[in-house]
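Trainee: Below is the structure I would like to discuss, written out as C-alpha cells.
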Amino acid sequence: MRSVLLVLSLGLNVWMGVALARLENYHYASQLGMCAEYLGPDLSQQIKRDNCLDGKQTRTSALWHIFYALTN
C-alpha cells in the first residue's frame with residue numbers, strides 16, 4: 001500500500017511540476033511583452049495572443065521555470 005501511495009505522489013508531483021513550468025513560461029513571456037502585436041479588445045486578438053504566448057520558450061529549461069515560480 002505504501003508503494004502505491006509513493007508512486008501516486010510521485011506522479012502527482014511530476015504532473016504539477018509540468019503544469020507549473022508551463023504557466024510560468026506563459027507568465028514570463030507575457031511579462032517580457034512578447035506577442036504584444038496581438039493586444040486588442042476583441043476576442044480573436046486575445047485568442048491569437050494566447051496561442052502565441054503558449055508557443056514561446058523564455059528560459060533554457062523547465063527546471064528554471066519551476067525555480068523562478070517557487071522563489072517569487
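Trainee: Can you tell me which residues in region 1-18 are of a type in the set (G, A, S) and closer than 17 Å to L63 by Cα?
Mentor: Across region 1-18, the qualifying residues are G11, G17.
Trainee: Within region 17-25, is even one residue free of Cβ contacts under 8 Å to residues at least 24 places away in the same chain and surrounded by fewer than 10 Cβ atoms within 10 Å (Cβ to Cβ)?
Mentor: Scanning region 17-25 turns up no residue that is free of Cβ contacts under 8 Å to residues at least 24 places away in the same chain and surrounded by fewer than 10 Cβ atoms within 10 Å (Cβ to Cβ).
Trainee: For R49, state whether it is open to solvent by less than 80 Å² (accessible area, probe 1.4 Å), at pLDDT 90 or above and part of a loop (DSSP other than H, G, I, E, B).
Mentor: So R49 fails the test.
The values are calculated or read from the model by the stated rules, or taken from the named source; none is laboratory data. Here the structure is a predicted model, which means the values were calculated and not measured. Here the Cβ is made from the backbone with ideal geometry for all residues, glycine too, and neighbour counts use every protein chain on show. Just the protein is used for accessible areas: all its heavy atoms, side chains included, with ligands, DNA and RNA removed. Shrake-Rupley method; radii C 1.70, N 1.55, O 1.52, S 1.80 Å.
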